[in-house]
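Peer 1: Encoded as structure tokens, here's the structure I'll be asking about.
The values are calculated or read from the model by the stated rules, or taken from the named source; none is laboratory data. What you are looking at is a predicted structure, and each value in this text was computed from that prediction instead of being measured. Cβ sites come from the backbone with ideal geometry, for glycine too, and all protein chains shown count toward neighbours. Accessible surface areas use protein heavy atoms only, side chains included; no ligands, DNA or RNA. Shrake-Rupley method; radii C 1.70, N 1.55, O 1.52, S 1.80 Å.
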Amino acid sequence: MKKKLLCLFITLVMVLPLILASCGDEMTPEEIANANFREADTALTLSLWLPVSPTVDTDGDGVKDAMDSRFDDRLAAVNEAINNFLRSSVLSTELKIVAINENEYEEKLAARFAEIKELEKSKGKAYLTANDYVNHAVKNEKTGVYELAYPPVLDTQLDIFYVGGFDNYVTYVNGGDAYALNEFFGEGQVYSGMLKKIRSIFMDATKIDGKYYAIPNNHVFSEGGQYVLVNKDLFDANADFAWDEEFDLFSLQSYIKEIGNKKLENVVPFVGTFDDIPGVVYLDKENLIASSIKDFKVDSKTGKVTYTPSLLNKLDEFETYTLFYKELCHYSFAAEKLDANQVAAVQMYNGNLLDIENKDDYYIIETLPPYASIETVFSSMFAISSHSANYDRAMQVLYLLQDNVEFRTLLQYGVEGVDYDVTHVNGEKVLIHRDTGYTMNLKYTGNCYRTYPDYGVPMSYWSDIIDYNLETELYPYLKLELMFTLGNVPANKIDEMNMYIEDLGDTNKKIYNAFEGMSYEYYRNVFDAISYSSRKIDENVLTATDSLNSKKAEYDAAVAALNAATNAADRLAAQEAVDAALENVRVAEDELEYWSGLKATVAEYPSLRSWINNTVRTDLCDFYNGLYVTIK
């Protein structure tokens with residue numbers, strides 16, 4: 001009985017307003033809609049700024065500099081379709097998409113921020129707030145249905161914007177134009193899951209003073225790693241040992257020589273350069289010493305820079321590879337590149353593993369993991385303007401750019417059945433392009449993984465790229481580059497560091513050039529002496545000294561014989577003996593100079609290694625720690 005009474009009470013409460021209305025003036029459909037909309041979230045229209053890539057060459061110089069004449073109309077139609085999607089999602093938010101030629105985007109974005117700041121100085125507003133706008137209904141003339149009316153976007157409004165490049169990112173943060181997003185990622189927050197969709201090393205790289213100011217759009221982050229490609233057919237047919245997944249480059253040395261000795265037609269035993277040292281990440285191609293200083297660690301709590309010498313010491317690889325490469329060059333078993341119709345038995349490859357054609361034709365050894373540089377990590381992001389009309393609503397849109405396939409596909413490819421058609425290839429859905437003038441750059445429109453890679457390409461294409469990104473590491477020097485760029489680092493500190501690196505480079509070039517210019521035989525002796533014992537060189541110096549003394553004695557005897565000769569025939573013969581003895585002295589002097597120089601090189605080398613391993617690294621760490629304190 002009580003339950004029936006409760007239900008009756010609820011029913012009366014629900015219909016009472018309608019009964020009362022029927023007793024007096026009846027409410028019109030518009031009034032009913034207005035009454036309902038008063039209870040809804042305040043309607044907002046946000047602006048989304050992004051660049052577009054020109055598709056038309058207007059002056060015939062081969063450079064595309066403008067958009068298709070149909071683009072603006074199609075963008076308006078796609079914008080409306082996106083707003084229909086947003087309305088159906090009950091977000092009470094619409095978007096105004098502002099698409100700007102990529103060649104003008106950064107300049108116009110900077111101008112808009114400057115305009116907003118000037119407006120704010122005069123206590124003006126770049127948008128309409130809830131106090132300026134009251135929800136009301138408007139009749140849709142096509143459907144006859146009353147809908148929630150949305151406010152216009154003011155000319156000065158800017159809510160969500162694309163960020164391309166580290167320098168631009170820092171500019172927007174330091175300029176106070178990018179809003180810190182940390183509040184949205186707390187435990188239990190609906191957006192906390194976004195952080196799991198982007199690798200933490202990429203997301204954390206965007207932190208400035210512990211805060212996130214943008215969301216990186218998932219794409220191919222890696223600029224590539226370093227790999228050894230071994231032709232499977234050649235190896236299986238010619239190697240006298242089986243392939244082992246644990247092989248490194250030097251495990252293949254005997255095989256490379258065997259291929260060289262067989263002189264197979266159009267087969268180059270080894271393709272690589274003097275710089276292809278396995279495992280070395282270059283800070284500067286001209287500065288191997290600085291490049292061997294890698295794997296700096298920055299303590300997240302103290303900010304102190306440390307390093308592990310065993311990880312940093314790449315000079316062993318330099319020595320081993322130099323000997324390996326010089327020997328192959330000595331026997332004409334190596335080339336820096338392939339000519340037409342040639343194939344490599346073993347080849348060094350620096351680049352993206354995904355770009356290798358016919359990858360299954362090779363046994364692949366990874367000598368360096370794929371690295372993401374400062375350029376790729378910060379190349380494509382979206383941020384919320386600190387001047388936005390509503391941060392929460394802007395974050396909703398940011399979430400859609402990162403996670404919603406329907407929203408991403410609408411923005412990227414337009415309206416299905418108008419801008420593209422759908423078909424299936426091998427059981428997978430793909431898009432077919434329609435030429436309507438609507439074109440967007442995939443990297444400018446959000447998370448690449450949440451829409452189709454291109455027309456005719458299924459979503460499964462992203463699978464290998466996602467796996468590759470999971471293997472990708474941050475460029476080892478990236479934190480150091482960030483340390484230079486972020487914060488108020490005194491110019492004299494930067495100048496000091498640049499001079500220090502330059503000094504390292506000067507020293508390195510002398511060493512590098514000396515090593516590069518050494519013959520294989522000379523370097524072989526250096527390597528043996530360094531690796532095993534200097535006794536061989538000491539013995540050769542002693543032998544060369546004895547030989548020179550002996551040759552000098554022979555020369556002195558020949559000169560004495562010449563002086564003692566009395567007739568022309570004897571003098572001619574004596575002169576020839578003197579010339580021959582003198583030549584023998586010169587040869588002996590060159591031999592002694594060779595081995596003495598080698599002894600000096602070997603004697604100096606341990607101190608050089610010690611200097612690099614200890615002094616240089618210690619000084620660099622001290623420098624960066626001092627720099628960190630300055631920044632803090």
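Peer 1: With (1) open to solvent by less than 30 Å² (accessible area, probe 1.4 Å); (2) under 13 Å from T45 (Cα atoms); (3) modelled with pLDDT under 85 as the list, and I160 as the residue in question, which single condition is left unmet?
Peer 2: Here I160 meets the rest and fails (3).
Peer 1: Looking for whichever is assigned to a strand (DSSP E or B) and either within 22 Å of N358 (Cα to Cα) or modelled with pLDDT of 95 or more (or both) here; the options are L229, L252. Which one fits?
Peer 2: Numbers: L252 fails: assigned to a strand (DSSP E or B).
The match here is L229.
Peer 1: For a quick check of your reading of the model, give me the residue pairs whose first member lies in the stretch 344-364 and is closer than 15 Å to V267 by Cα, whose second is in a helix (DSSP H, G or I) and aromatic (F, W, Y), with beta-carbon atoms closer than 8 Å and at least 6 apart or on different chains.
Peer 2: Once the first residue is closer than 15 Å to V267 by Cα and sits in the stretch 344-364, its partners that are in a helix (DSSP H, G or I) and aromatic (F, W, Y) give A345/F235; A345/Y255; V346/Y255.
Peer 1: Scan G427, G351, G437 and give me the residue that is of a type in the set (G, A, S) and modelled with pLDDT of 95 or more.
Peer 2: Working: G427 fails: modelled with pLDDT of 95 or more; G351 fails: modelled with pLDDT of 95 or more.
Step by step, each of G427, G351, G437 is checked, and only G437 is of a type in the set (G, A, S) and modelled with pLDDT of 95 or more.
Peer 1: Then there is this: Which residues, counting only those in the stretch 236-275, are of a type in the set (V, I, T) and within 33 Å of the chain's Cα centre (by Cα)? Steps first, answer last, please.
Peer 2: Filtering the stretch 236-275 for residues of a type in the set (V, I, T) gives 256, 259, 267-268, 271, 273.
Of everything in the stretch 236-275, those that are of a type in the set (V, I, T) and within 33 Å of the chain's Cα centre (by Cα) turn out to be I256, V268, V271, T273.
Peer 1: Here's another thing I want to ask about it. Filter the stretch 322-345 down to the residues that are over 11 Å from K257 (Cα atoms) and in a strand (DSSP E or B) and list them by number.
Peer 2: Residues satisfying the conditions are A335, V343, A344.
Peer 1: Name the residue that is farthest from the chain's Cα centre (by Cα), counting only residues in the stretch 32-65 that are among the acidic types (D, E) and at pLDDT 50 or above.
Peer 2: Within the stretch 32-65, the match that is farthest from the chain's Cα centre (by Cα) is D41.
Residue-by-condition table, conditions (1) surrounded by fewer than 19 Cβ atoms within 10 Å (Cβ to Cβ); (2) not in a loop (DSSP other than H, G, I, E, B):
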residue	(1), (2)
Y150	no, no
V153	no, no
T171	yes, yes
Q189	yes, no
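So that you can scan it fast, the table gives a plain yes or no per residue for (1) modelled with pLDDT of 90 or more; (2) acidic (D, E); (3) within 22 Å of S519 (Cα to Cα); (4) in contact with a helix residue (DSSP H, G or I) (Cβ under 6 Å, 6 or more places away or on another chain):
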position	(1), (2), (3), (4)
F241	yes, no, no, no
K257	yes, no, yes, no
N266	yes, no, no, no
V271	yes, no, yes, no
D295	no, yes, no, yes
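Peer 1: Tell me which residues, restricted to the stretch 426-445, are open to solvent by less than 70 Å² (accessible area, probe 1.4 Å) and either of a type in the set (A, V, I, L, M) or under 19 Å from V56 (Cα atoms) (or both).
Peer 2: V430, L431, T436, G437, Y438, T439, M440, N441, L442, Y444
Peer 1: So in the stretch 91-113, with the set limited to residues that are closer than 22 Å to V52 by Cα and of a type in the set (A, V, I, L, M), which one is surrounded by the fewest Cβ atoms within 10 Å (Cβ to Cβ)?
Peer 2: Within the stretch 91-113, the subset closer than 22 Å to V52 by Cα is 94-113.
Restricting the remaining residues to those that are of a type in the set (A, V, I, L, M) gives 95, 97-100, 109-111.
Values: L95: 25, I97: 16, V98: 21, A99: 20, I100: 18, L109: 24, A110: 15, A111: 11.
Out of the qualifying residues, it is A111.
Peer 1: Where residues in the stretch 538-556 are aliphatic (A, V, I, L, M) and open to solvent by less than 60 Å² (accessible area, probe 1.4 Å), which of them is farthest from A600 (Cα to Cα)?
Peer 2: Per the stated criteria, the residue is A553.
Peer 1: If I ask for residues that are in contact with a helix residue (DSSP H, G or I) (Cβ under 9 Å, 6 or more places away or on another chain) and more than 22 Å from S386 (Cβ to Cβ), which ones from the stretch 80-91 would you list?
Peer 2: Within the stretch 80-91, A81, I82, F85, L86, S89 qualify.
Peer 1: Residue under question is L234, and the condition is that it be out of contact with any His (no Cβ under 7 Å at 6 or more places or on another chain), part of a strand (DSSP E or B) and open to solvent by less than 30 Å² (accessible area, probe 1.4 Å); does it hold?
Peer 2: Considered against the rule, which asks whether it is out of contact with any His (no Cβ under 7 Å at 6 or more places or on another chain), part of a strand (DSSP E or B) and open to solvent by less than 30 Å² (accessible area, probe 1.4 Å), L234 comes out as no.
Peer 1: Of the numbered conditions (1) at pLDDT 90 or above; (2) open to solvent by less than 60 Å² (accessible area, probe 1.4 Å); (3) touching a Phe, Trp or Tyr at 6+ places or on another chain (Cβ under 6 Å); (4) of a type outside the set (S, T, Y), E366 satisfies every one except a single condition; which is it?
Peer 2: (2) is the only condition that E366 fails.
Peer 1: Let me ask something additional. What number of residues within the stretch 414-429 satisfy the criterion of being aliphatic (A, V, I, L, M), touching a residue at least 40 places away in the same chain (Cβ under 8 Å) and over 27 Å from P216 (Cα atoms)?
Peer 2: Of the residues in that region, 1 qualify.
Peer 1: Mind checking which residues of the stretch 397-413 are of a type outside the set (A, V, I, L, M, F, W, C), farther than 22 Å from Y169 by Cβ and touching a residue at least 60 places away in the same chain (Cβ under 8 Å)?
Peer 2: Within the stretch 397-413, E406 is the sole residue that qualifies.
Peer 1: Further question: Does the stretch 227-236 include one or more residues that are under 26 Å from S379 (Cα atoms) and either of a type outside the set (G, A, S) or touching a residue at least 60 places away in the same chain (Cβ under 8 Å) (or both)?
Peer 2: yes
Peer 1: Then there is this: Would you point out the residue of the stretch 209-226, among those that are part of a strand (DSSP E or B) and modelled with pLDDT of 85 or more, that is surrounded by the most Cβ atoms within 10 Å (Cβ to Cβ)?
Peer 2: Applying the filter and picking the extreme gives I215.
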